[in-house]
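For reference, the structure is listed below as structure tokens.
Every read-out reported here was derived from the displayed coordinates using simple, explicitly stated rules and does not represent laboratory data. What you are looking at is a predicted structure, and each value in this text was computed from that prediction instead of being measured. Note: ideal-geometry Cβ built from the backbone for every residue, glycine included; neighbour counts use all protein chains shown.
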Amino acid sequence: MSILHTVNKSPYEKSSLDSCLSLAKAGSAILLIEDGVYAALKGAAKESQMQEAAQTKKLYVLGPDLKARGMAEDRVIDGIEIVDYAGFVDLAATHDKVNAWL
């Protein structure tokens, strides 16, 4: 069963991302949305953790949420794919289940 995990909380305020990364199986997809996008930034405290996760999981970040927070797409860690709203819908449609980490 393929699962799309969504993380919408800042990794600096909640442990949702840490829980997701530790429990999501290899091959899972993780989409960072809303304040979860802060984990996708180069030079941030979570960069090495996200690079490691990208070795076994597919990582995505919602581009409009980056833009809404004033972040340029070139600040996104290599290995994390930027998707738009249509891409979010495609991810949800192509996975058997969507799990939101709150």
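Tabulated values for the structure
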{"item": "Residues with amide H under 5 Å from that of residue 5, placed H, sequence gap 5 or more", "result": "29, 30, 31, 99"}
{"item": "Karplus 3J(HN,Hα) series, Hz, for the stretch 90-102 with 6.51 cos²θ - 1.76 cosθ + 1.60 (x for Gly, Pro)", "result": "4, 4, 5, 6, 8, 9, 5, 8, 10, 10, 9, 9, 9"}
{"item": "Spatial separation of Cα centroids for the stretch 3-18 and the stretch 64-83, in angstrom", "result": "16"}
{"item": "Solvent-free Debye scattering, log10 I(q)/I(0), computed from the Cα coordinates of the chain at q = 0.10, 0.12, 0.21 Å⁻¹", "result": "-0.22, -0.32, -1.06"}
{"item": "The stretch 30-102: trypsin sites (Lys or Arg not before Pro) falling in loop per DSSP and having at most 14 other Cβ within 10 Å", "result": "42, 69"}
{"item": "Out-of-range pairs (alpha-carbon distance over 19 Å; input 9/46; 14/57; 46/97; 25/57; 9/67)", "result": "14/57; 46/97"}
{"item": "In sequence order, calculated HN-Hα J values of the stretch 7-14 (Karplus, 6.51, -1.76, 1.60; Hz; x Gly/Pro)", "result": "10, 10, 9, 4, x, 9, 10, 10"}
{"item": "DSSP-defined beta bridges in the stretch 3-101 - what % are antiparallel, rounded to 5", "result": "5"}
{"item": "Cα gyration tensor category, rounded, prolate or oblate, for the stretch 46-102 with a/c compared to 1.5", "result": "oblate"}
{"item": "Net charge of neighbours whose Cβ lies under 11 Å from the Cβ of residue 17, counting Lys and Arg as +1 and Asp and Glu as -1", "result": "0"}
